[in-house]
Amino acid sequence: MTYEGVLKKMQTEFGNPIQYYLVFENSFLNVNQLLNNNIQISFLGYQCLNCGKKRKIFRQGFCYDCFYSSASVGDWIIRPELSTAHLGIADRDLVYEEKVQLQPHIVYLALSSEVKVGVTRKTQMPTRWIDQGANEAITIVEVPNRYLAGITEVALKSHYADKTNWRKMLTNSVEHVDLVKERLKLENLIPSEVQEYFYSQKNDLYEMHYPVLEYPKKVSSLSLDKTPNFEGKLAGIKGQYLIFDNGTVFNIRSSEGYVVSINV
C-alpha cells in the first residue's frame, strides 16, 4: 500500500510501547505495525508547512521567507529566556506570543543520552520527552510563563547538557542516573524568582518504552536530498526517528515539509 503526502512530525500516544502515527492529509499510518517489514520512501518535492507553497524547505518545515517572518519560529522558541510577552513586548506577533508564552511551562531533567535540562509547555508533556527519545524524565519546576522557564534553564545549563546526543540516543548508549535524587540537588541552583515553584513530588518520574526490536551499534543518517529513494527493513522507532536494520536512521522531524511517497 502507498501513502503520499507532506511529512510532519509523528504523532504519538503514550503507552508501553509508545504508539507512533504518520498523519497525512487524507490518511494516516500506525508506524508500529510496520516493524520488521520493508519500507520504501521516495522524495517527491517540498511544501512549506506555513504558506503551503512548493518552496525548498529552509528549517523546521518552513521555507526561507516564512522561517524569518512567522511568529511560530521566533528566537524565543529555541531560547525561551528571550520571551517578552509577559512584558507586553512583541517579537513578531504579540497575540500569538501571549497565547504560547503566557501559559504554564515546565523545566525538566531528561535521560536521552546523558542527563539534559529542557523547557516545554505543560500541555506538551510527555510528548516533548517522547520526541527527544528520552528514556526517563522528571519535572524540576512548573512556572506560569515561558520566560521564567527560560531563565531557569539558563541557570542549569552550566551543570547539564541542553541537547541530546542523537547517536547515543539511537544506539541506547544511555548512562543510568537516578533523576529523583538528581532533582534534589537543584533547589539551590535555580533562580530566586522560581524557588517557590520547585517541584518536589516523589512519584512523578516518567518512563518511556519505545517500539525497538534491536538497537543498532552504529547509525548513519538518511537525507532525502542526497538519497531521494530508500528502502529498508524497519527495526524500531525512537524519538522522531525511524531505525532500520542496517543502522540507517531517518529523522522525520528534520524532514518536515518534504513531500514523500511511502510504500509498505
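Dipole of the chain, Cα-centred, from +1 at each Lys and Arg C-beta and -1 at each Asp and Glu C-beta, to the nearest 20 debye? Working shown, then result.
Numbers: 29 positive and 29 negative charges, 136 e Å.
Using Cβ point charges on Lys, Arg, Asp and Glu, the chain gives about 660 debye.
How would you rank 34-41, 171-178, highest first, on the average number of other Cβ atoms within 10 Å across their residues?
34-41, 171-178
Going by alpha carbons, how many degrees (0 to 90, nearest 10) lie between the helix axis of 146-156 and the longest principal axis of the chain?
Value to nearest ten degrees: 90.
Would you kindly calculate the translational diffusion coefficient of the range 83-199, applying Stokes-Einstein with the Kirkwood radius from alpha carbon pairs, for 10 °C and a viscosity of 1.306 mPa s, and quote it in µm² s⁻¹ without decimals?
108 µm²/s
Counting pairs on different chains as well as pairs 8 or more places apart, how many Lys pairs in the range 80-182 have Cα atoms under 22 Å apart?
The number of close lysine pairs in the range 80-182 is 10.
So for the pair residue 26, residue 68, with labels modelled 7 Å out along Cα→Cβ, what separation do we get in nm?
Reported label-point gap for residue 26 and residue 68 is 3.7 nm.
When the helix-only estimate is applied to the chain (DSSP H runs of n ≥ 4, each -39,500 (n - 2.57), divided by the residue count), what is the mean residue ellipticity at 222 nm, nearest 500 deg cm²/dmol?
My calculation for the chain gives -4000 deg cm²/dmol from helical runs alone.
Could you calculate, for the chain, the ratio of the Cα radius of gyration to the Kirkwood radius, expressed as Rg to Rh?
Taking Rh as the inverse mean 1/r over Cα pairs, Rg/Rh reads 0.98.
Compute the normalised compactness of the range 127-264: alpha-carbon radius of gyration over 2.2 N^0.38 Å, N being the residue count.
Details: Rg = 18.2 Å, N = 138, 2.2 N^0.38 = 14.3 Å.
Dividing the Cα radius of gyration by 2.2 N^0.38 Å gives 1.28.
Going 7 Å from the Cα of residue 86 in the Cα-to-Cβ direction, what parts of the range 178-205 have a backbone nitrogen less than 15 Å from that spot?
Within reach of a label on residue 86: 190-198.
So which lysines pass the test for residue 56, namely a Cα distance under 16 Å, with those fewer than 8 places away in the same chain ruled out?
8, 226
Just so you know, all these numbers are worked out from the coordinates, no wet-lab data involved. From a predicted model like this one, the values you see are computed outputs, not experimental measurements. FYI the Cβ positions are ideal-geometry reconstructions off the backbone, even for glycines, and counts take in every protein chain you see.
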